[in-house]
Amino acid sequence: MKILIADDQAVSRKILSKMLDDLGQLDIFATAREALEAFEKAFEKSEPFQVMISDISMPGMNGIDLLKAVRAFETRKKIAKQNRVKVIMFTSYADKQTVISCYMAGCDDYAVKPFNRSVIIEKIRKLGFELNIDKAPQTEKTMSQMVSDAIEGFKNGKVELPALPNIVQELQNLVSRPNASASDMAKLIENDTAISIKLIVAANSPFYGGVEKTKDVKTAINRLGINATHSIVSSIANKGLYDTKNSSIKNLMDKVWMHSFATAHCAREIGKKVSSVGYEKAYVKGLIHDVGATLLIKNIGENITESSQLDINDLIASVFEVHASFGGALLNKWGFSKDFVDVASLHEWDKFDEKTEKEVLIVNLADKLSYKIGYGFFNKDVPEFSDMQSADLLGLTDSELTVICDKAAKTIAESADAFTKK
Ligand SMILES: [Fe+2]
Ligand SMILES: [Fe+2]
């Protein structure tokens, strides 16, 4: 059997090629355009594909466009219905509207990521193909299954969502008012004693500390200023999500925290460079862009009791697949505004256009830069500066990016202790 696969994510392509290796000939493409070209060529050579598996959200030509183009080609070539390629679409998150659009465009079946070998095999069989396969490679299936179980658990309420402290969003609302004052801010922060104490500790840390020790929230705010207080409190409030008592994932969670913290700093430096206002907002977005990965890793890691069962590389590869769309859905559920949801959903994309929101570009770029300066945690390839499309659209040159990286790296190294010391 010949199977055509289109997915823009390198990790997804790797997983699928390993997972479906024994089903037949797999032709795997990173863009819908290349997949379409291969599909048409195969037909012209009378070696058509029987099955197509495509991701839906891909930059540029997406999976639904690909599906439409394939069906249009088959109509032009007058291919009988029973001989048309069977198409299974993959979406990152169950969304009724997307599923409807897929069926309208002519797909035969659809599934929700993460990929699961037995689900794909079952679907291919249902579409009328006989498969002679021995046994399933186990690891991907198990870990992918755990990831999809975790997502399912969060969705149906069986796994309790940790609250991202309301204060993050309340502060966001407060600072976006033009007349936000230090005393309004103090009132808000003082509602949360734990955060108030941590703010005072951070304000007195070597990085932020003045000559005089600060003893109350208001003095801390006056000394730090509204913007810095906003960043510090958001960092403190977020930090709790990364804490775990489980020793087998503790290192990884610390890495995810440092990555988020580093992305926030890079986002702030980029924000300062491309706009004179509102860069603290970019900081907070950088801080929570990987919240989907954070909660999935934490949930799965903490539920695997035997540390021998836990393959960290396998875990992060499976989480990578879905973390962006899951993060977007989480923020949506938590009541964050659309700009936050977009940042979380789109931060792993590689291709954008002029219409993309600036903050999506900023956080996308900040994520890449944080990998460049050594604060990554997924095993992903990070492009050269010159190949970072978000940098290009933001109008940043290679030398400006180098300066941004240097500045961010310095602040990260100097200020991280203020949040990690208890
Ligand atoms: Fe990410
Ligand atoms: Fe990230």
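Tell me, what % of the accessible area of the range 214-351 is carbon and sulfur with a 1.4 angstrom probe? Carbon and sulfur together cover 48 percent of it.
I need the Kirkwood Rh of the chain: take the reciprocal of the average 1/r across all distinct C-alpha pairs and report it in angstrom. Could the numbers behind the result be given before it?
Values: mean 1/r = 0.0433 Å⁻¹.
So the Kirkwood estimate lands at 23.1 Å.
Of the trypsin sites (Lys or Arg not before Pro) found in the range 377-410, none is in coil by DSSP with at most 13 other Cβ atoms within 10 Å of its Cβ. Once the Cα atoms are used to define both axes, helix 358-372 deviates from the longest principal axis of the chain by about 90 degrees. Note on the range 2-136: Kirkwood radius taken over Cα pairs, Stokes-Einstein applied at 37 °C and 0.692 mPa s, translational D equal to 221 µm² s⁻¹. Counting only heavy atoms of the protein chains and using a 1.4 Å probe, GLU37 has close to 110 Å² of accessible surface.
Size descriptors for the range 1-40: radius of gyration and Dmax over Cα atoms are 9.7, 26 Å.
With Cα atoms defining each centre, the range 168-201 and the range 38-87 are spaced 54 Å apart in the structure. Projecting the Cα atoms of TYR283, ILE300, ASN332 onto the dipole axis of the range 268-375, where Lys and Arg carry +1 and Asp and Glu carry -1 at the beta carbon, places TYR283 farthest toward the positive end. Averaged per residue, the chain has 46 square angstrom of accessible surface, using a 1.4 angstrom probe with ligands and nucleic acids left out. On the accessible surface of the range 2-136, probed at 1.4 Å, how many percent belong to carbon and sulfur atoms? That fraction is 49 percent.
At a Cβ-Cβ separation cutoff of 4.7 angstrom, cysteine residues of the chain with no neighbouring cysteine are CYS266, CYS405.
The values are calculated or read from the model by the stated rules, or taken from the named source; none is laboratory data. Fair warning: this is a prediction, and the values are worked out from it, not measured in the lab. Cβ atoms come from the backbone with ideal geometry, glycine included; neighbour counts cover every protein chain shown. These accessible areas exclude ligands, DNA and RNA; they are computed on the full protein's heavy atoms, side chains included. Shrake-Rupley method; radii C 1.70, N 1.55, O 1.52, S 1.80 Å.
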